[in-house]
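Novice: Please see the structure below; I have some questions.
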Amino acid sequence: MSVADGQARHVAIIMDGNGRWAKRKHLPRAMGHRRGVEAVRELVRSLKDTSIECLTLYAFSSENWKRSDDEVDDLMNLMRKFIKSDLPEFIANDVKLHIIGDWQALAPDIVAMLEDALEQTSKGSRTLAVALNYGGQAEIVHAARRAAEQGEITEKTIDANLFTAGLPPLDLLIRTSGEVRLSNFLLWQAAYAEMLFVDTLWPDFTPEHLQLALEDFANRERRFGGR
Ligand code: FPP
């Protein structure tokens, strides 16, 4: 059992609603993503005041390549800017970066920046795991293949070969913007996670919303299939 005292150690978020946020304000979609990054920044700053040991964020799915070239470029540029501007703060705040997904297939300069950020934050005590070019089904296939190469395919060996190996078990999965689906995110890890779907659009999601989500989680009774 991952939680003895009702405190969430690992929280994951599907950050949805940037486009709708921008549309409601008659702004370009890019502005929605920009404000989305600001919401990420505030949340990461607030981690030290929570029980969270690992926060996993769905930043770019393997399906997001289907968006327009302009939007993909925009998201990649935001990524570059975010790493550059926030890396010193991660280091100062003891945040350890972890990446899940097929991130080595991203543009070479982003891969290099990420490698550098991984190395520079490797001593951090709280983990920020960012899903980049991530797909949950592909992750399971990849883990099963590796498990087979190593010997036996079991739940344990698949688990040990997921991108999340070594992180605490997923306790709580949040999706913003009122959509109620997993969109290929952490499919294996979500097996016993609690789910929370909130109507707030991602750019409006604040550390206070996260606190409320943690309180909601603490009041849930988790049985893990037992009684
Ligand atoms: C969903 O909004 C959001 C995304 C596809 C990307 C999430 C990315 C960020 C918050 C910025 C990048 C993150 C980091 C860590 C630098 P949507 O565009 O699908 O919104 P919509 O459904 O309202 O159109």
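Only the coordinates and a few stated rules stand behind these numbers; no lab work does. On a predicted model such as this, the values are computed, not experimentally measured, just so you know. A quick note on method: Cβ atoms are made from the backbone with ideal geometry, for glycine too, and the neighbour counts reach across all protein chains shown.
Novice: Could you tell me the distance between the Cα centroids of region 5-46 and region 107-177, to the nearest Å?
Specialist: 21 Å
Novice: Normalising by the residue count of the chain, find the relative contact order in percent from Cα pairs under 8 Å and 6+ residues apart.
Specialist: Relative contact order for the chain comes out at 31 percent.
Novice: Just to verify a number: FRET efficiency for ALA218 and GLN104, C-beta to C-beta distance, R0 = 45 Å, to 0.05?
Specialist: Efficiency, from the Cβ-Cβ distance: 0.75.
Novice: Could you give the dipole magnitude of region 56-213 about its Cα centre, charging the beta-carbon of Lys and Arg +1 and that of Asp and Glu -1, in debye to the nearest 20?
Specialist: Computed about the Cα centre, the dipole is about 280 debye.
Novice: Please list, or write none, the lysines whose alpha carbon is within less than 17 Å of the alpha carbon of LYS84, excluding same-chain residues fewer than 8 places away.
Specialist: LYS96
Novice: Okay, next question. Based on C-alpha coordinates, I'd like the Rg and Dmax of region 168-221, in Å.
Specialist: 11.3, 30
Novice: Here is a follow-up. To two decimal places, what compactness ratio does region 104-227 give when its Cα radius of gyration is scaled by 2.2 N^0.38 Å?
Specialist: The reported ratio for this selection is 1.23.
Novice: Related question: Quick one: what are the phi-derived ³J(HN,Hα) couplings along region 60-68, Karplus 6.51/-1.76/1.60 with θ = phi - 60°, whole Hz, x for glycine and proline?
Specialist: Coupling constants for region 60-68: 7, 8, 5, 8, 5, 4, 6, 6, 4 Hz.
Novice: While we're here: For the residues MET31, MET79, what sequence is obtained by ranking on other C-beta atoms within 10 Å, fewest first?
Specialist: MET31, MET79
Novice: How charged is the neighbourhood of ASP109? Take every other residue with its Cβ under 12 Å from the Cβ of ASP109, and add Lys/Arg as +1 and Asp/Glu as -1.
Specialist: Within the 12 Å Cβ shell, the charges total 0.
Novice: Also, quick follow-up: Per-residue ellipticity at 222 nm for the chain, helices alone: DSSP H runs ≥ 4 residues times -39500 (n - 2.57), over residue total, nearest 500 deg cm²/dmol?
Specialist: -13500 deg cm²/dmol
Novice: Still on this structure: Which residue, ALA131, GLY166, ALA148, has the largest displacement toward the positive end of the dipole of the chain when charges sit on each Cβ (Lys, Arg +1; Asp, Glu -1)?
Specialist: Farthest along the dipole direction, towards plus: ALA131.
Novice: Now for a different question. Could you tell me which GluC sites (Glu not before Pro) in region 1-107 are loop residues by DSSP with no more than 16 other beta carbons within 10 angstrom of their beta carbon?
Specialist: Answer by residue number: GLU63.
Novice: Note down the net charge around LEU162, summing +1 for each Lys or Arg and -1 for each Asp or Glu among other residues with Cβ under 10 Å from its Cβ.
Specialist: Its environment carries a net charge of -1.
Novice: To continue, here is another question. Straight-line reach only, C-alpha to C-alpha below 19 angstrom: list the aspartates and glutamates that LYS156 could link to, leaving out same-chain residues fewer than 8 apart.
Specialist: Within the straight-line limit of under 19 Å, LYS156 reaches these aspartates and glutamates: GLU139, ASP171.
Novice: Mind checking which of ILE52, ILE13, ILE153 has the largest fluctuation in a GNM of the chain, springs on alpha carbons under 10 Å?
Specialist: Between ILE52, ILE13, ILE153, it is ILE153 that shows the largest mean-square fluctuation.
Novice: When the convex hull of the Cα atoms of region 1-138 is projected onto a plane and the area is averaged over all directions, what value comes out in nm²?
Specialist: 9.5 nm²
Novice: Right, another one. If contacts are Cα pairs under 8 angstrom and at least 6 residues apart, what is the relative contact order of region 173-227 in percent?
Specialist: It comes to 40 percent, rounded to a whole number.
Novice: State, as an integer percentage, the relative contact order of region 1-95 based on alpha-carbon contacts under 8 Å between residues 6 or more apart.
Specialist: 33 percent
Novice: Mind checking which aspartates and glutamates have their Cα closer than 17 Å to the Cα of LYS48? Skip sequence neighbours fewer than 8 apart in that chain.
Specialist: Answer for LYS48, where 17 Å is the Cα cut-off: ASP86, GLU89, ASP94, GLU208, GLU215, listed by chain and number.
Novice: Say we join alpha carbon atoms closer than 10 Å with springs in a Gaussian network model of the chain; which of GLY32, GLY124, GLY166 then has the biggest fluctuation?
Specialist: GLY166
Novice: So, counting K/R as plus one and D/E as minus one, what does the shell of residues with Cβ under 15 Å around VAL141 add up to?
Specialist: -2
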